[in-house]
Amino acid sequence: MIAQNSTTKDLKLYSQKSIGLASFIGGPLAAGYLIKENYKALNQGEKGKKALIISIIATVAIFGTIFLIPESVMDQVPNMVIPAIYTGIIYLIVDKIHGTILNNHDLNNYPFYSGWRAAGIGLISLVILIAIIFASIFLISDEIYDTYDAEMEQFYKNEEVSLLFYDHLNTEDDLTLVNEIDNISIPKWKENVEIINRTNSIEDLPSELIEQNKKLLKYAKLRLEAFKLFKNLIIYETDNYNIELNRVHNQIDVVIQSLY
């Protein structure tokens, strides 16, 4: 039996199990706070501050790493695996730094804070983590949408300039029209294909934008095909090109309708 003059006799501490419970619920941040409180009770405040800082760094590292793992991989990992891993690690750390003290405290029937209190702190930590994660997601999403919208602005400018060709069909001669196709319309739609390919490479592009890009890429390629057919139709004036052009324009109409 531990002597009754033990230095923890008049202290109230968080048990190893309570810290593990809080950690499982609220992550390393919750564990760091409870370890800090134990250090504080033991009159080792500086060590407690260091423990809390380490827990914050660990939290950022864990969730930062999770965000970097592809979603397809994370979907294969059971929900409880990651919390179980870091809870186990924290449990071992607590055993190493305070195991003897907490065991002696327990053997002498000295007071511990309840597991409910530890669980409540874990829930508070979880709420804080969720708030930070959602704030980060919104910030990242805003940046993604801003990048995407900037690219799309150029896409629509190219579209507007290239489609002026249709206004010129009845006002310009054939040579002017062919030059416009070669120097404006075709280059603009080639650039638009490149724009879509660039936006597809934006990291964490939302699924709705990925789907929109599929349609826009098809649309851009159809426009490109239409202007090449226009050029051949102007130069060679055969019904075959006219039939093909009508087919492509019909496909363009279908894609445009699907975008709205």
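Throughout, read-outs are computed from the coordinates displayed, never taken from laboratory work. What you see is a predicted model; the values in this text were computed from it and never measured. All Cβ positions, glycine included, derive from the backbone under ideal geometry; neighbour counts span all protein chains shown.
The residues neighbouring Ala51, those whose beta-carbon lies less than 13 Å from its own, together hold a net charge of +4 under the Lys/Arg +1, Asp/Glu -1 convention. Note down the net charge around Leu216, summing +1 for each Lys or Arg and -1 for each Asp or Glu among other residues with Cβ under 11 Å from its Cβ. Value of the local net charge: +2.
Straight Cα distances below 28 angstrom link Lys190 to the lysines Lys157, Lys214, Lys215, Lys218, Lys221, Lys228, Lys231, with same-chain residues fewer than 8 positions distant left out.
Highest mean packing first, where packing is the average number of other Cβ atoms within 10 Å per residue, the peptides 74-86, 112-124 line up as 112-124, 74-86.
Net length available on complete extension from Lys215 to Ile235 is 4.2 nm, with 0.36 nm assigned per residue and the Cα-Cα distance removed.
Between Thr59, Thr199, Thr100, the GNM of the chain built on Cα springs shorter than 10 angstrom shows Thr100 fluctuating the most. How far is helix 186-200 tilted, in degrees, relative to the longest principal axis of the Cα atoms in the chain, given as a value from 0 to 90 rounded to the nearest 10? Tilt of helix 186-200: around 10 degrees. Inter-label distance, Lys157 to Glu191: 0.7 nm, where each label sits 7 Å from its Cα along the C-beta direction.
Each stretch of four or more DSSP H residues adds -39500 (n - 2.57); spread over every residue of the chain, this sum gives -27000 deg cm²/dmol at 222 nm.
Between Leu126 and Ile101, the modelled label-to-label distance comes to 2.8 nm, taking each label 7 Å out from Cα in the direction of the beta carbon. Relative to the first principal axis of the alpha-carbon coordinates of the chain, what is the inclination of helix 45-68, with its axis defined by its Cα atoms, in degrees from 0 to 90 and to the nearest 10? Roughly 30 degrees between the two axes. Between helix 115-162 and the chain there is an angle of about 10 degrees, using the helix long axis and the longest principal axis of the Cα atoms. Shown is the FRET efficiency for Phe67 and Ile89, computed with R0 = 25 Å from the Cβ-Cβ distance and rounded to the nearest 0.05: 0.80.
What label, among [x] 71, 49, 30; [y] 71, 41, 29; [z] 107, 31, 25, belongs to Cα extents along the principal axes in Å computed from the structure on display? Here Cα extents along the principal axes in Å agrees with entry [z].
Relative to one another, the C-alpha centroids of the range 1-60 and the range 97-176 are positioned 31 Å apart. For the peptides 35-43, 23-31, the ranking by mean Cβ contacts within 10 Å, running from highest to lowest, is 23-31, 35-43. Maximal additional length on extending the Lys12-Asn242 stretch stands at 74.0 nm, based on 0.36 nm per residue less the C-alpha distance.
Taking a ≥ b ≥ c as the square roots of the Cα gyration tensor eigenvalues, with a/c under 1.5 meaning rounded and otherwise prolate when a/b beats b/c, else oblate, which class fits the range 106-227? Cα axes put the range 106-227 in the prolate bin. Could you compute the net charge surrounding Val254? Neighbours are other residues with a C-beta less than 12 Å from the C-beta of Val254; K and R count +1, D and E count -1. So the surrounding residues net to +2.
Mark the label point 7 Å from the Cα of Ser207 along Cα→Cβ and return the residues of the range 65-94 whose backbone N is within less than 15 Å of it. Inside the label zone: 71-76.
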